[in-house]
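This report concerns only the one structure given below.
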Amino acid sequence: MLNDLQNPSLLWTPFGLRSLSPTSSLYGARNTEDDPPYWRGAIWINMNYFALSALQHYAKISGPQAEKSRQIYSQLRTNLITNLGKVYEK
């Protein structure tokens, strides 16, 4: 799962995690005819918050995935903060 998080063809982007993989049939699909996709593919901060929380938790637990979790947490946090800063300035 950790490798999939960092896979750019699945969820990973330089801006944060996508909420859905572009390979999903629902990626970018509209909710209704008049309602845009909202969470189907774009960076959704709520999901990224939960991912960061879980990664931070597993980074603190001694085990084989602690270092990988720590590394992904750090990079994802940087990506999100950078993106949020740019959006705020815009």
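Note on the stretch 1-54: among residues that are at positive phi and surrounded by 12 or more Cβ atoms within 10 Å (Cβ to Cβ), the one that is modelled with the lowest pLDDT is 41. Only one of the numbered conditions (1) in contact with a helix residue (DSSP H, G or I) (Cβ under 6 Å, 6 or more places away or on another chain); (2) closer than 13 Å to residue 75 by Cβ; (3) hydroxyl-bearing (Ser, Thr, Tyr) is not met by residue 13, and that is (1).
Looking across the stretch 56-90, the residues that are open to solvent by less than 60 Å² (accessible area, probe 1.4 Å) and either touching a Leu at 6+ places or on another chain (Cβ under 7 Å) or farther than 22 Å from residue 21 by Cα (or both) come down to 59, 63, 66, 69, 72, 73, 76, 85. Within the option set 53, 19, 74, being under 24 Å from residue 87 (Cβ atoms), touching a residue at least 24 places away in the same chain (Cβ under 8 Å) and among the hydroxyl-bearing types (Ser, Thr, Tyr) holds for one residue only, 19.
The values are calculated or read from the model by the stated rules, or taken from the named source; none is laboratory data. What you see is a predicted model; the values in this text were computed from it and never measured. Note that each Cβ is placed from the backbone with ideal geometry, even for glycine, and that neighbours are counted across all protein chains shown. Side chains are part of the model used for accessible areas, which takes the heavy atoms of the whole protein and leaves out ligands, DNA and RNA. Shrake-Rupley method; radii C 1.70, N 1.55, O 1.52, S 1.80 Å.
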